[in-house]
Amino acid sequence: MGMLLMMFRKMHLIQKKNNIEFQLTDLNQKLMDYQSLSASLANDSTSITDIASIPPSLFGSGINTLMMAHGAATQYANQAMTYMNNNSIFTQFGDNAPYMQQIAYMKAYEQGREQYKKRIMAQLDEQEQQMELKKTKLEALLAQVEEEEKATTQRIQAGVQSQVSHYGLQA
């Protein structure tokens, strides 16, 4: 009966080990995907290559993030332009006022995009840190399970040897 329980325990440990290894593999993939998304979003100007390099698992949220960054930057730039126009900042440039307005709008857009990018990057960094912490916990749990599996295997081998010598089945 003891041998049967030990075998059952070993099978349970193998199943648990496989489950943890699967979770680690999945977590490593997610971690790489988030790091790839972070690298894609870190660029100041997003190109089609950056969009194509967004991992499939995060493509929808990556595109959504880029769209929201554009919307936030546009809103920031429009507010800045409204402020500048209300304070007659561009009247001093005379004929060059439209060019200066365009330059000011582009700079304000870049500032707005940079602010949004910092917020998103902070969120992604936080998610990556949480995944790293979970990964560390899973690796520690895996080590414990492997150690217990090794001890269980040794117990089974000792039990088998004991049974063989008890019943005189040695060759």
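One line per residue, one yes/no per condition, for (1) at positive phi; (2) modelled with pLDDT of 90 or more; (3) in contact with a Cys (Cβ under 9 Å, 6 or more places away or on another chain); (4) loosely packed, with under 15 Cβ neighbours inside 10 Å:
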| position | (1), (2), (3), (4) |
| --- | --- |
| Gln123 | no, yes, no, yes |
| Lys134 | no, yes, no, no |
| Leu141 | no, yes, no, no |
| Val145 | no, yes, no, no |
| Thr153 | no, yes, no, yes |
| Ala158 | no, no, no, yes |
| Val164 | no, no, no, yes |
Taking the condition of being in contact (Cβ under 8 Å) with a residue 40 or more places away in the chain and over 31 Å from the mean Cα position of the chain (by Cα), how many residues in the range 55-94 meet it?
0
Within the range 130-146, can one find any residue that is in contact with a Phe, Trp or Tyr (Cβ under 9 Å, 6 or more places away or on another chain), part of a helix (DSSP H, G or I) and not small (Gly, Ala, Ser)?
yes
Ser88 passes all but one of (1) assigned to a helix (DSSP H, G or I); (2) over 17 Å from Gln123 (Cβ atoms); (3) not charged (D, E, K, R); which number fails?
(1)
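State whether the residues of the range 80-103 include one that is among the acidic types (Asp, Glu) and loosely packed, with under 10 Cβ neighbours inside 10 Å.
Yes, the range 80-103 contains at least one residue that is among the acidic types (Asp, Glu) and loosely packed, with under 10 Cβ neighbours inside 10 Å.
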Are there any pairs, at least 6 apart or on different chains, whose C-beta atoms fall under 7 Å, with the first in the range 16-41 and of a type in the set (Asp, Glu) and the second crowded, with 16+ Cβ neighbours inside 10 Å and in a helix (DSSP H, G or I), and if so, which?
Glu21/Leu142; Asp33/Leu58
Of everything in the range 12-56 that's of a type in the set (Ser, Thr, Tyr) and exposed (fewer than 15 other Cβ atoms within 10 Å of the Cβ), which residue is nearest to Lys150 (Cα to Cα)?
Thr25
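Out of Asn43, Asn18, I need the residue that is under 30 Å from Ile156 (Cα atoms) and not aliphatic (A, V, I, L, M). Which one? Full working, then the answer.
Numbers: Asn43 fails: under 30 Å from Ile156 (Cα atoms).
Unique residue meeting the criteria: Asn18.
The values are calculated or read from the model by the stated rules, or taken from the named source; none is laboratory data. Keep in mind that what you see is a predicted model, and the values were worked out from it rather than measured. Here the Cβ is made from the backbone with ideal geometry for all residues, glycine too, and neighbour counts use every protein chain on show.
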